[in-house]
Amino acid sequence: MLTRRGFCAGLVMTGAAGSSLAQTYPAKPVKVIVPFAPGGSADVVARLVCDQLTKRLGQPFIVDNVPGASGNIGTARSAQAAADGYTLLAAFSSFAINPSLFPSLPYDITKDFKPVSLVAAATHVVVVNPSVAAKSIRELEALINSKVSIMSFAHGGVGTPGHLLGELYRMAAHLDLVSVPFNGAGPAVGSVLGGHTPMGVVALSPAFKHITEGRLRALAVTSKTRYHQLPDVPTMIEAGRPDIVGDLWVGMLAPGKTPDDVVKLLNSEIRNALQAPELRAKLQGVGFDTVGTSPDEFATQIAKESAIWGKIIREAKIEASP
């Protein structure tokens, strides 16, 4: 029979074990699973942050790319990993989208993970080929409504934030727009550049250089405030579409039973790493701004976005590709 004294002693020992682990962590290399192929936004951001964590903590933080099934394969592997702080997940915005997009998943984003910190965020941008006779969102809507030609928008794939924002825009403005999915934002941008698709709702990173060099015309960004490197481009809020708001983000999570002390240490180290001017500059160079949040703040954001994206998916009747 377990006495109260024995039970309390057990709690003390458990707490001591957690504290001891945090004091010696990390004692070996840490694997950071990126559930997408190398070269994408999540991969680039994760590698830059891992480089800083390696310098700060004295052990290698190694990116392990596990692509497939819109990020679900790598995410599931992270959920099943030992909860000791030596396997982390560099999650993408799709982490909050996939539970509504797929009928069943081999993991639960709430029960199987502990948020560590939101790391970085990037806006989306509504772009058109310069041949399109629209220099503002209102002019674009007038052009679409004129039905002079069939208008379509390119995006990075079914269920991506760009796709969902485009569908939300279509529904909110009552536009006759055709969705054209591509295998990533890069190919979507390429289609708009080539004039094959007149407009796109895409992550800023692959479009930024083309915008600044005049090969694409940016009509609006989807962030709450103007993007500092495109100060002349209004937000969708300013353009009269206040509901079209959404960022692309990368955040770090741990398996659900990872000790709180380890999560707290990782959170502190990530947030401190994000203050490094070198890291800030490199992230801005790929279209991202550093963020850094508490675990609770990140958990709240995931829950909020999951509800928002889920509503759009249901209303637009979006289904995952087989």
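The values are calculated or read from the model by the stated rules, or taken from the named source; none is laboratory data. Worth saying up front: this structure is predicted, and the values here are computed from it rather than measured. Counting neighbours? That spans all protein chains shown, and the Cβs are built from the backbone with ideal geometry, glycine included.
The single condition among (1) surrounded by fewer than 20 Cβ atoms within 10 Å (Cβ to Cβ); (2) of a type outside the set (Phe, Trp, Tyr); (3) farther than 20 Å from Ser149 by Cβ that Thr160 does not meet is (1).
Taken over the stretch 84-123, the criterion of being assigned to a loop (DSSP other than H, G, I, E, B) and touching a Gly at 6+ places or on another chain (Cβ under 7 Å) is satisfied by Lys111, Asp112.
The number of residues in the stretch 22-55 that are more than 16 Å from Ala185 (Cα to Cα) and outside any helix (DSSP H, G or I) comes to 11. When the stretch 195-215 is filtered for residues that are out of contact with any helix residue (DSSP H, G or I) (no Cβ under 9 Å at 6 or more places or on another chain) and under 18 Å from Ala134 (Cβ atoms), the ones remaining, listed by number, are Gly195, Gly214. Just one of the numbered conditions (1) of a type in the set (S, T, N, Q); (2) modelled with pLDDT of 95 or more; (3) surrounded by fewer than 23 Cβ atoms within 10 Å (Cβ to Cβ) is not true of Thr222: (3). The residue list Leu105, Leu140, Leu118, Leu101 contains one member that is farther than 30 Å from Ala173 by Cβ and aliphatic (A, V, I, L, M), which is Leu105.
Tallying residues that are at pLDDT below 95 and over 27 Å from Ala122 (Cα atoms) within the stretch 76-105 yields 2.
Scanning the stretch 38-69 for residues that are in contact (Cβ under 8 Å) with a residue 60 or more places away in the chain and within 15 Å of the chain's Cα centre (by Cα) gives Gly40, Ser41, Ala42, Val44, Val45, Ala46, Val49.
I'd like to check something: does the stretch 183-193 contain any residue that is in contact with an Asp or Glu (Cβ under 8 Å, 6 or more places away or on another chain), buried (at least 19 other Cβ atoms within 10 Å of the Cβ) and of a type in the set (Gly, Ala, Ser)? No, that holds for no residue. When the stretch 112-141 is limited to residues that are in contact with a helix residue (DSSP H, G or I) (Cβ under 9 Å, 6 or more places away or on another chain) and not hydrophobic (A, V, I, L, M, F, W, C), the one that is nearest to Gly190 (Cα to Cα) turns out to be Asn129. Considering only residues in the stretch 235-266 that are in contact with a helix residue (DSSP H, G or I) (Cβ under 8 Å, 6 or more places away or on another chain) and surrounded by fewer than 20 Cβ atoms within 10 Å (Cβ to Cβ), the one that is nearest to Arg47 (Cα to Cα) turns out to be Leu265.
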